Amino acid sequence: MSNQIYAIYGASGCGRSLMPVARQQLQRQGVAAEIYFIDDSLQEEKIVNGHTAVNYQTFKSIECSNKYVLIAIANSQIREKIANQLIADGIKLWSVQADNSVIMDNVEISEGAALSPFVSITSNIKIGKCFHANLYSYVEHDCVIGDYVTFAPGVKCNGNIRIEDHAYIGAGAVIKQGTPDKPLVIGKGAVVGMGAVVTKSVAAGVTVVGNPARILERK
């Protein structure tokens, strides 16, 4: 019986992009272990980008003492559902970090994070579970980020910002710096559109777009 195996849950674009990051991490750590793709649409195993892809039931049935899974699903609600299932099944959430990502001082990141190449996390930052930070995103000092938050590529999250659970920040968005006594807040489940420039707090559940960002719709 193998001592440990790893998997990326999701074999579409997000998962395929994170697989090289995951491989690099295991190489960096000196871990020789197989990495699977998990794809629930599969009836039988197949090869995706050189890795075996199986459905979740098949992965769960593999005899192994330790299983680690990174959830590479863009939809944060589905990400949470899968995370809860993994935990219930005794499978550990796996965090991966690109070789050239940067993490500085006093940073706390919960399990299940995916930090893509060229991501920077600076100082005095707390991040919740299953955070996705895509290419060239950064989080500046004194930020608090909730669970299941997603950054598309090129997000600029400046200092003293609070981002609540399930928020989605679109590609190239810029979030203006808050202050220690009045952080700028992106509310729970809010969506910041691609290229938006956020200059003030965003209420929970709304979508904002443009420069300066304005409300597009309410959920």
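The values are calculated or read from the model by the stated rules, or taken from the named source; none is laboratory data. Predicted model, so just to flag it, every value in this text is computed and none were measured. Positions of Cβ are backbone-derived with ideal geometry, glycine not excepted, and every protein chain shown enters the neighbour counts. Just the protein is used for accessible areas: all its heavy atoms, side chains included, with ligands, DNA and RNA removed. Shrake-Rupley method; radii C 1.70, N 1.55, O 1.52, S 1.80 Å.
What number of residues within segment 109-125 satisfy the criterion of being touching a Lys or Arg at 6+ places or on another chain (Cβ under 6 Å) and buried (at least 21 other Cβ atoms within 10 Å of the Cβ)?
Of all residues in segment 109-125, those touching a Lys or Arg at 6+ places or on another chain (Cβ under 6 Å) come to 110-112.
Adding the requirement that they be buried (at least 21 other Cβ atoms within 10 Å of the Cβ) leaves 112.
So the answer is 1.
Only one residue in V191, V198 is open to solvent by less than 10 Å² (accessible area, probe 1.4 Å) and at negative phi. Which one? Write out each step before concluding.
Numbers: V191 fails: open to solvent by less than 10 Å² (accessible area, probe 1.4 Å).
That would be V198, the only listed residue that is open to solvent by less than 10 Å² (accessible area, probe 1.4 Å) and at negative phi.
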- prompt: Do you know which residues across segment 138-156 are touching a Phe, Trp or Tyr at 6+ places or on another chain (Cβ under 9 Å) and farther than 20 Å from G112 by Cα?
  reply: G154, K156
- prompt: Given the conditions (1) surrounded by fewer than 20 Cβ atoms within 10 Å (Cβ to Cβ); (2) over 14 Å from the mean Cα position of the chain (by Cα); (3) within 27 Å of P212 (Cα to Cα), and given that D165 satisfies all but one, which numbered condition is not satisfied?
  reply: (2)
task: Could you grab the pairs with beta carbons closer than 8 Å, sequence gap of 6+ or different chains, first residue in segment 13-27 and open to solvent by less than 40 Å² (accessible area, probe 1.4 Å), second one of a type in the set (S, T, N, Q)?
output: L18/S116; M19/N49; V21/Q97; V21/S116; Q25/Q97
- request: Check segment 35-43 and report whether any residue there is of a type in the set (S, T, Y) and open to solvent by 20 Å² or more (accessible area, probe 1.4 Å).
  value: yes
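Residue by residue, here is whether (1) open to solvent by less than 10 Å² (accessible area, probe 1.4 Å); (2) hydrophobic (A, V, I, L, M, F, W, C) holds:
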residue	(1), (2)
K92	no, no
N100	no, no
V107	no, yes
Y136	no, no
I145	yes, yes
A152	yes, yes
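Taking segment 12-42 only, how many residues are under 21 Å from N55 (Cα atoms), aliphatic (A, V, I, L, M) and under 15 Å from the mean Cα position of the chain (by Cα)?
Looking only at segment 12-42, we keep the residues that are under 21 Å from N55 (Cα atoms), and these are 12-20, 22-23, 33-42.
Remaining after also requiring aliphatic (A, V, I, L, M): 18-19, 22, 33, 35, 38, 42.
From what is left, the residues that are under 15 Å from the mean Cα position of the chain (by Cα) are 18-19, 22.
Residues in segment 12-42 being under 21 Å from N55 (Cα atoms), aliphatic (A, V, I, L, M) and under 15 Å from the mean Cα position of the chain (by Cα): 3 in total.
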- request: Under 9 Å between Cβ atoms, at least 6 apart or on separate chains: pull out the pairs that start in segment 155-172 with a residue that is aromatic (F, W, Y) and end on any residue that is open to solvent by 30 Å² or more (accessible area, probe 1.4 Å).
  value: Y168/A74; Y168/V191
